[in-house]
Amino acid sequence: MADILVTEALTRRYGSLVAVDRLDLRLVPGERRAVIGPNGAGKTTLLDLVAGAIRPSGGRIRFDGRDITGYGPARRARLGIGRIHQRPAVWPSLTTLDNVAVAAARRRGGVKRSRRPAIELLDRLGLAGHAGVQAERLSHGQRRQLEIAMALAGEPRLLLLDEPAAGLSAVEFERLGTVLRDLPDGVTVLLVEHRLDLVYALADVVTVLRDGQYVVTGTPDEIRVSHAVRQAYSGAVA
Amino acid sequence: MDPYLIPALDGVAYGLLLFVVAAGLVLSFGVAGILNLAHGTLYAIGAYMAAWLADGGWAAVPLALVAGVVASTAAGTALAGLLTPVKRGDHLTQALLTFGLALAGGSLLVSAFGPEDLPVRVPAALDRPIDLAGHPYAAYRLVFIVVALVIAVGLYLAVTRTRAGMLVRAAVDDPQMVACLGVDPTRVRVGVLAVSGALAGLAGVLGAPIIGPGPSTAATVLLLSLVVVVLGGLNSVGGTLLAALAVGEIQTIGVALLPTTAPFLLYAAMALILAARARGLLRRWSTA
Amino acid sequence: MEYRVSEQSERTIGLGSLRQRRLVAERRGGVKRPVLVLAVAAALAAAVPWFVDDYTTATLSRLLVLGLVGLSVALLTGVTGLPTLGQTAPFAAGAYAAAHVDGPARLVAAIGIGAAFALVAAPLVVYARGVYVLMITLAIGELAITVAGRWKSVTGGTDGLVAAPALDTDRGRYLYALAVVGVIVALVLLALRSPAGLLLRASRDDEARMRASGHPVTAYLTGAYVAAGGIAGAGGALLVTTQQYVSPADFSFDTAALLLLGVVIGGAGSMLGAVAGTALVFAARDWLSGLLPGHAPLLLGVVFVLTAYLLPRGVAGFDWRRIGRRDRAAKGVLWRTSS
């Protein structure tokens, strides 16, 4: 089966700081890949690069065989790349329902047609009761779940999740786990997360980064005991 | 000799004048995040002081300089105080507030000095033409060019070599950093607007023979320096200088070369440059 | 637009009595109230000319015209997040176009020219962020005045143009202006309740999130800018019809600033508020000029300052201080280029 996402020597520099350093990644369709690493490892930058929010300084990105390096974020979204951000990005002046409807609109052919599927999505995330509420009145955890609904509304083939569990209550965390586990099989997930319990519960494969560089990839069990990973986190000089 | 030498030199003088003025705007906007629509009024204060105090003698020059710079610095400081309740980044409120102050200030200036454009008496020794490659050229403007260059170099050194300058550049790059460094935002605002006022006032006094005091001075200066800021960006002294010189040349040589279309020229140039940048953006998107 | 979600139970037949929750969104609120307000206001306004003299009627006509341009400013500033000091430009374009055309085609021509102008200027505006939009639109507005003052063959230069009269009485002109303004306001209100309004508001709130959902934000902004240009152009046609004369003095920077002030006072997110606020501001300016000739700028300046301090939410409750922040991390940078 062809890889759904390939990065080739993907690099992003900020002046003399190399945030992502010649990273090669391959994800197969349906894979649940987690990216972990200490702070400054370049994890969020990686997601920004794949989503098209920032442009790479070098390297290429291929999605489903197509070279998308030059594509903007909207075009990538229409191809089926969805994301959620580290700080939940919702539209505060719209209602919760309209947030999801607008997010689904490009996929479903308009806002009006998106409202019914939007309610169903909200229900799955436990937000149906807040459908008529303006999003700016939602709590952090609710906004996080709203953004997840918005990302799912676009029926993504590749879902980029940036610390989705941050700031969630125990109940919300459970629900998040359920939603992610219940994703259709064809959906690939690239997850950046600090909470290792979510990583071990959800991921098939874990990649470790440090200082923008690739360290190692393996199953969660392998990573758990890996010497290289411990070195990466401990800050030992290589 | 080249018939455009004179307008070209005029363009340099005009451009350097705009540079000093725009530097103040870049400072207040880039460092303190303040859109100051009263900046032109600060220039006008300096220009009016020059018109009022200059009597053709040399003694009046330092007097006018001190009076103009002190007055505009004081006005800038007062501006900073009045902006205290406005949140950083709330540009619309800043625009309304400073525009209101510009209106009021302009009205006060006209009440004090009359509604006419005022002539400025340059020291007699400089108030004569110098022979420049066969063309007569006002001596004052030559002296002004030299002085303005010195100021420009001084600004450049201040921004790149001093600690304060480093803070300024860092603040332009990352406004949040200023707060993290433990620098009091109020002091930053007051300091920045005071210096910005001083620069505008200095430009006003020295540049009064070029852009003189009158009821429309503040608006003209404001608009031109806004164009310089938009074209030159906030990131480098060199960028601002280039943009200022470009605007200066367009306003002078442009008028000489294409007198009928000259007024459009500036805006057409601005449109072209912005459009080129925008298309550049299409190829190189990125988010903040 | 509010939705209330309610539960409806369904029984599934066959495998026992499983109740299924089916969620239904019912629209609440609807269009009734604003339409009612609009209708009452229009009826009252239509009756006015029979109670005041011709001069006042003519003044009110002019206020209506400016209110319409203020509507275009509010559409951009409040709804789309493009704070503008440059709607005087399509206003002028429409007005000068209207001065050359007679009859019913006048309004159509003005709207078309206003929109066309906006289409050409759009690339300069829609790629900018926050305060740079203010600066760029300011420059565009100034350009319009400069062109108007110099392009003698088309605009008559600083002398202006006299236009053929279309209607005979001040009352007639007023009612015509009222009708046009009323129809346009109603159309805009309808449009804003539609998905188009949602898309614009969402783009204003968080553009990056819009793009992450596949929306072509630049296209939306351009559409709004062109629509605003058309509305301002319509104002230009009304200006010519009510005043029979147009000159660059009608489009000064002061006018642009007062439009913005009026919109802010009326509450930038409210279309009706914007029209009312704009009319109020210009009426106040005229009154102040009459009261203390020569000192009007001073008093006006004080009004600007007071508004900045005292009206964070405008009259209609919209927090306009958020305007111009296109996304959560807006830094007021012109164009962020990757370094």
Which of B:216, B:236 has the fewest other C-beta atoms within 10 Å, and how do the rest follow up to the most? B:216, B:236
Listed residues B:187, B:88, B:169; largest mean-square fluctuation, Gaussian network over chain B with Cα springs below 10 Å, found at B:187
For residues of A:81-93, the mean tally of beta carbons on other chains within 10 Å: 5
Antiparallel DSSP beta bridges within the protein assembly as shown, percent to nearest 5: 70
Amide H contacts under 5 Å for residue C:245, restricted to residues at least 5 apart in sequence or on another chain and with H modeled in the peptide plane, are C:163
Residues meeting the amide H criterion for residue A:213 (H placed from the backbone, H to H distance under 5 Å, 5 or more places apart or on another chain) are A:21
Net lengthening on full extension, residue B:63/residue B:157 (0.36 nm per residue, minus Cα-Cα): 31.2 nm
Would you please classify the overall shape of the protein assembly as shown from the alpha carbon gyration tensor, given that a ≥ b ≥ c denote the square roots of the eigenvalues, rounded means a/c under 1.5, and beyond that prolate means a/b larger than b/c while oblate covers the rest? oblate
So residue C:119 and residue C:105, fully extended at 0.36 nm per residue minus their Cα-Cα distance, gain in nm 3.0 nm
A correct Karplus calculation of ³J(HN,Hα) over the stretch B:97-110, with 6.51 cos²θ - 1.76 cosθ + 1.60, θ = phi - 60°, whole Hz and x for Gly and Pro, returns 5, 5, 5, x, 5, 5, 4, 5, x, x, 4, 5, 4, 5
Amide H contacts of residue A:58 (H built 1.01 Å from N, under 5 Å, at least 5 apart or other chain): A:11
For the stretch B:205-260, alpha-carbon Rg and Dmax in angstrom: 12.5, 35
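Compute the Cα gyration tensor for the stretch C:98-140, then decide on rounded, prolate or oblate, letting a ≥ b ≥ c be the square roots of its eigenvalues: rounded whenever a/c is under 1.5, prolate when a/b is larger than b/c in the other cases, and oblate in all that remain.
Prolate.
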Is it possible to state the helix-based mean residue ellipticity at 222 nm for chain A, with each DSSP H run of 4+ residues giving -39500 (n - 2.57), the sum divided by total residues, to the nearest 500 deg cm²/dmol? What is it? -11000 deg cm²/dmol
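Counting other beta carbons within 10 Å of each Cβ, put C:245, B:14, C:127 in order, fewest first.
Values: C:245 15, B:14 26, C:127 22.
Least to most surrounded, the residues fall as C:245, C:127, B:14.
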Whole-Hz couplings from phi, Karplus 6.51/-1.76/1.60, listed for the stretch B:226-235; x for Gly and Pro: 5, 4, 4, 5, 5, 6, x, x, 9, 8
Charge sum, other residues only, whose C-beta stays under 10 Å from residue A:229's C-beta, Lys/Arg counted +1 and Asp/Glu -1: +2
Using a simple spin-label model with points 7 Å from Cα along the Cα→Cβ vector, what separation in nm is obtained for residue A:26 and residue C:46? 7.4
Step through the residues of the stretch B:157-166 one at a time and calculate ³J(HN,Hα) from phi using the Karplus curve (6.51 cos²θ - 1.76 cosθ + 1.60, θ = phi - 60°), rounding each to whole Hz and writing x for Gly and Pro. 5, 4, 6, 9, 10, 9, 5, 4, x, 5
At 7 Å along Cα-to-Cβ for each site, give me the label-to-label distance between residue B:130 and residue B:116 in nm. 3.1
Post the alpha-carbon centroid distance, the stretch A:142-167 to the stretch C:89-120, in whole angstrom. 47
A correct fewest-to-most ranking of C:263, C:240, A:187 by other Cβ atoms within 10 Å would be A:187, C:240, C:263
So what is the relative contact order of chain A, in percent, for Cα pairs below 8 Å that sit 6 or more residues apart? 26
Rounded to the nearest 0.05, what FRET efficiency is calculated for residue C:35 and residue B:256 with R0 set to 51 Å and r the Cβ-Cβ distance? 0.30
For the pair residue C:154/residue C:306, report the inter-label distance in nm, with labels modelled 7 Å from Cα in the Cβ direction. 4.1
Does the stretch C:31-253 come out rounded, prolate or oblate by the C-alpha gyration tensor, with a ≥ b ≥ c the root eigenvalues, rounded set by a/c under 1.5 and, if not, prolate when a/b is larger than b/c and oblate if not? oblate
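Where a number appears in this text, it was derived from the coordinates with a stated rule and is not lab data. Quick caveat, the model's predicted, so the values are computed rather than measured. As a convention, Cβ positions derive from the backbone with ideal geometry for all residues, glycine included, and neighbour counts pool all protein chains shown.
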